[in-house]
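Structure first, commentary second.
The values are calculated or read from the model by the stated rules, or taken from the named source; none is laboratory data. Quantities reported herein were computed from a predicted structural model and do not represent experimental measurements. Here the Cβ positions follow ideal geometry from the backbone for every residue, glycine too, while neighbour counts run over all protein chains shown. Accessible surface areas use protein heavy atoms only, side chains included; no ligands, DNA or RNA. Shrake-Rupley method; radii C 1.70, N 1.55, O 1.52, S 1.80 Å.
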Amino acid sequence: MIGQQEMLMQCDGREIRLFPCWDRGMDVSFRLHAPHRTQVTCVLSKGTITELSVTPAERRGDVVLPAGWLA
């Protein structure tokens, strides 16, 4: 399970990198906790991120997404 979490989200300092080694063709929905009391909820459907929620909202700027994945 930890291996899957690392494929979905990796954190380094304040940076939150999503899908660093995830196959874009595999649909997934998740809610994971990140450092600094942050929660990330995301849905990847048909190769596109259709939902992305970051709490608290001010941490949204720390999220790094793969190019072209956001709807």
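Take every DSSP beta bridge whose two residues both sit in the chain, then give the antiparallel share in percent to the nearest 5.
Counting DSSP beta bridges with both partners in the chain, the antiparallel share is about 85 percent.
Helix-derived [θ] at 222 nm for the chain: sum -39500 (n - 2.57) over DSSP H runs of at least 4, divide by residue count, nearest 500?
That comes out to -2500 deg cm²/dmol.
Please compute the modelled spin-label separation between residue 24 and residue 69, points set 7 Å along Cα→Cβ, answer in nm with one decimal.
Taking the two extended label points, one gets 1.0 nm.
Take every Cα pair under 8 Å in the chain that's 6+ residues apart, average their separations, divide by the length, and report that relative contact order as a whole percent.
Contact order relative to length: 27 percent.
On the protein heavy atoms, probe 1.4 angstrom, tell me the percent of accessible surface of the chain carried by carbon and sulfur.
In the chain, the share of accessible area belonging to carbon and sulfur is 50 percent.
Give a residue-ordered list of calculated ³J(HN,Hα) values for the stretch 57-71 (Karplus: 6.51 cos²θ - 1.76 cosθ + 1.60, θ = phi - 60°; whole Hz; x for Gly, Pro).
These are the phi-based 3J(HN,Hα) values: 4, 5, 7, 4, x, 8, 7, 10, 10, x, 4, x, 8, 8, 5 Hz.
First select every other residue whose beta carbon is under 12 angstrom from the beta carbon of residue 44; then total the charges, Lys and Arg +1, Asp and Glu -1.
-1
Using a probe radius of 1.4 Å on heavy atoms only, what accessible surface per residue do you get for the chain? Whole Å² is fine.
I get 63 Å² per residue for the chain.
Percentage of Cα-Cα pair distances in the chain greater than 13 Å, rounded to whole percent?
62 percent
Residue by residue, what Karplus-based ³J(HN,Hα) values in Hz, rounded to whole numbers, does the stretch 18-35 have, using 6.51, -1.76 and 1.60 with θ = phi - 60° and x for Gly and Pro?
Taking θ as phi minus 60°, the curve returns 9, 6, x, 8, 9, 6, 4, x, 9, 5, 7, 9, 8, 9, 10, 9, 10, x Hz for the stretch 18-35.
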